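The values are calculated or read from the model by the stated rules, or taken from the named source; none is laboratory data. On a predicted model such as this, the values are computed, not experimentally measured, just so you know. Counting neighbours? That spans all protein chains shown, and the Cβs are built from the backbone with ideal geometry, glycine included. Calculation scope for accessible area: heavy atoms of the full protein, side chains included, ligands and nucleic acids excluded. Shrake-Rupley method; radii C 1.70, N 1.55, O 1.52, S 1.80 Å.
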Amino acid sequence: MSPPLLELDDVYKSYGEEQVLSGVSFEMDAGDVDVVIGPSGSGKSTMLRCVNRLTEINGGDIYLDGDCITDANTDVNELRKQVGMVFQDFNLFAHLTALENVTLGLRKVRGMDKAAAQEKGYEHLEQVGLLDQADSYPAELSGGQKQRVGIARALAMDPKLLLFDEPTSALDPELVGEVVEVMRDLAAEGITMLVVSHEMGFARSAASDIIFLDDGRIVEHGPPEQLFENPQAARTGEFLSRLTHEGE
Amino acid sequence: MPPLPLQSDWAFVAGNLDLLLAGTGVTVGLTAASILLGFLLGFPAGAVEVYGRGPLKRAVETAGVVLRGTPLLVIIILLFFGLSVSSSAFVTATIALGLRSAAYQSQIFRGALQSVDEGQLEAARAIGMGRLQAIRGVVVPQALRRSVPGFQNEFTIVLKDTSIAIVIGLGELLTVGQNLYQGGQSTAALEIFLTVSLIYFVLTFVTNRSLDYIDDHFSIPGGERA
Ligand SMILES: Nc1ncnc2c1ncn2[C@@H]1O[C@H](COP(=O)(O)OP(=O)(O)OP(=O)(O)O)[C@@H](O)[C@H]1O
Ligand SMILES: [Mg+2]
């Protein structure tokens, strides 16, 4: 049997005195889409950032495709080529066009020549429906368009795993749909995604599993039907009902 | 307009225009050399202040504080008469103006580097770019653009402050004017120094306009927000 694509094994993270992740363990197989939910400050962003080592863990191990990526001799730049990230605030490169945002990594990290990088860049802009905005600068794009460029930029590196940190929460409500739609397409194509999001429509329809994180611990982990229809932990039910009420 | 009191003194200025223009040439050369030296030292210094650590960072910060806290006139006299760093007045003036400008340019770049939000650096790291590669490819190009207005200011300050080189006898514009005036033509003082002022003004104006153009030309369509 092949190893899971991603495995967190008893991961601990603290900032000084503050314990942010307290023994987080789960696995994902290739093609899975896991959605992480949980209250503000529960450690969701921290957990994602540990996977591409923007944040260093204090205990436990993380494995990608069977390889431990948290030991001292892991090349973080090699790791990050294989794990893409989409940010809440887009973080597009302001001085580059949409196309250049997508091709920068191909040129500088993958070492592709300009023509090949552009060809691949156009492909990924098309994938997120932004071929016609290739020459626009970030400030000329709407929030939804920016986030789709952010997704294309991550996709272009052909990652094994895509991390999303609240990709729609900085967007005006009417722009959420276009981003969710792109994410659904990616899920359907079999791209492995670990998504922090409270976009319940996406979670219900696209998630393989939902992970409910509270106070640095996984309180419940299971398929969406279980968490939404029949939560095992009282805390899960409370959190979800609060979430649904706020959404109304 | 009332007739000018001494018409002939304008003729004196006109007759010595070649000398004034030669002085202008020295002023322009000194400005360019000083700004260049200031840039070559000031840009890395600004980067060290933002990204460096340890003794190097402290040394750079201290040098900046000292240079910004010392009058330019004192620096130039100290270098020329005190330390005799060079027998050439031009070289000494370039070092004095260049060092002082580096201390100010470092602050322009420091602010500009810090104004590019962290998130972009993080995004560059997240696609596998190394730290230096990300700083060079993502932060520096934006910081350079944001430095233009501050740089414009610094440029005009250096241009005007080249006149301080008069104290070490460098034949720049003001020195030429002074020599004309002291060479027996003291009656033409007003005309000479008005002409000198006008030349400084024209130089400043042209430089500012050129840098405005650069600012426009390199601005990011739609603005800076990502
Ligand atoms: N760089 C840091 N330094 C110190 N503390 C941090 C840092 N990053 C996060 N924290 C703390 O860790 C805890 C978890 O933060 P994290 O951002 O992971 O939560 P989150 O679940 O993503 O919350 P949100 O829903 O608000 O995004 C918080 O208490 C936060 O203050
Ligand atoms: Mg978060």
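Some points to look at:
- Being within 18 Å of the chain's Cα centre (by Cα), farther than 30 Å from B:Phe81 by Cα and within 9 Å of chain A (Cβ to nearest Cβ) is a property that B:Arg145 has.
The rows are residues; the columns are (1) surrounded by 22 or more Cβ atoms within 10 Å (Cβ to Cβ); (2) among the basic types (Lys, Arg).
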{"residue": "A:Glu78", "(1), (2)": "no, no"}
{"residue": "A:Lys81", "(1), (2)": "no, yes"}
{"residue": "A:Val86", "(1), (2)": "yes, no"}
{"residue": "A:Leu106", "(1), (2)": "yes, no"}
{"residue": "A:Gly121", "(1), (2)": "yes, no"}
{"residue": "A:Asp135", "(1), (2)": "no, no"}
{"residue": "A:Arg148", "(1), (2)": "yes, yes"}
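- Residue match in segment A:156-172 (condition: open to solvent by 10 Å² or more (accessible area, probe 1.4 Å) and in a helix (DSSP H, G or I)): no
- Subset of segment A:1-26 [surrounded by fewer than 19 Cβ atoms within 10 Å (Cβ to Cβ) and within 16 Å of ligand 2 (Cβ to nearest atom)]: A:Tyr15, A:Glu18
- Scanning segment B:90-125 for residues that are of a type in the set (Asp, Glu) and in a loop (DSSP other than H, G, I, E, B) yields a single hit, B:Asp117.
- Listed by position, the helices (runs of 4 or more DSSP H) enclosed by segment B:1-89 that each have at least 1 residues that are modelled with pLDDT of 95 or more and surrounded by fewer than 18 Cβ atoms within 10 Å (Cβ to Cβ) are B:17-51, B:54-68, B:72-77.
- Scope segment B:126-141; condition facing another protein chain (nearest Cβ under 7 Å), surrounded by 18 or more Cβ atoms within 10 Å (Cβ to Cβ) and part of a helix (DSSP H, G or I); matching residues: B:Ala126, B:Gly137, B:Val138
- Taking segment A:206-222 as the range and being open to solvent by 50 Å² or more (accessible area, probe 1.4 Å) and within 23 Å of A:Asp29 (Cα to Cα) as the test, the residues that pass are A:Arg217, A:Val219, A:His221.
- Long-range neighbours under 6 Å by Cβ, at least six apart or interchain, first residue within 14 Å of another protein chain (Cβ to nearest Cβ) within segment A:61-87, second open to solvent by 30 Å² or more (accessible area, probe 1.4 Å): A:Gln82/A:Lys160
- Residue check, A:Ile62 more than 13 Å from ligand 2 (Cβ to nearest atom), open to solvent by less than 20 Å² (accessible area, probe 1.4 Å), in contact with a helix residue (DSSP H, G or I) (Cβ under 8 Å, 6 or more places away or on another chain) and more than 22 Å from A:Thr236 (Cα to Cα): yes
- Scanning segment A:33-57 for residues that are more than 12 Å from the chain's Cα centre (by Cα) and either more than 15 Å from ligand 1 (Cβ to nearest atom) or under 14 Å from A:Ile211 (Cα atoms) (or both) yields a total of 5.
- A search for C-beta distances below 8 Å between a residue of segment A:181-199 that is away from every other protein chain (no Cβ under 14 Å) and hydroxyl-bearing (Ser, Thr, Tyr) and any residue that is within 16 Å of ligand 2 (Cβ to nearest atom) and part of a strand (DSSP E or B), counting only pairs 6+ apart in sequence or on different chains, returns A:Ser197/A:Val35; A:Ser197/A:Val36; A:Ser197/A:Ile37; A:Ser197/A:Phe164.
- Some residue of segment B:139-146 being touching a Leu at 6+ places or on another chain (Cβ under 8 Å) and free of Cβ contacts under 8 Å to residues at least 24 places away in the same chain: no
- Within segment A:137-174, the residues that satisfy the criterion of being away from ligand 2 (no atom under 16 Å from the Cβ) and under 16 Å from A:Glu189 (Cβ atoms) are A:Arg148, A:Ile151, A:Ala152, A:Ala154, A:Leu155, A:Ala156, A:Met157, A:Asp158, A:Pro159, A:Lys160, A:Leu161, A:Leu162.
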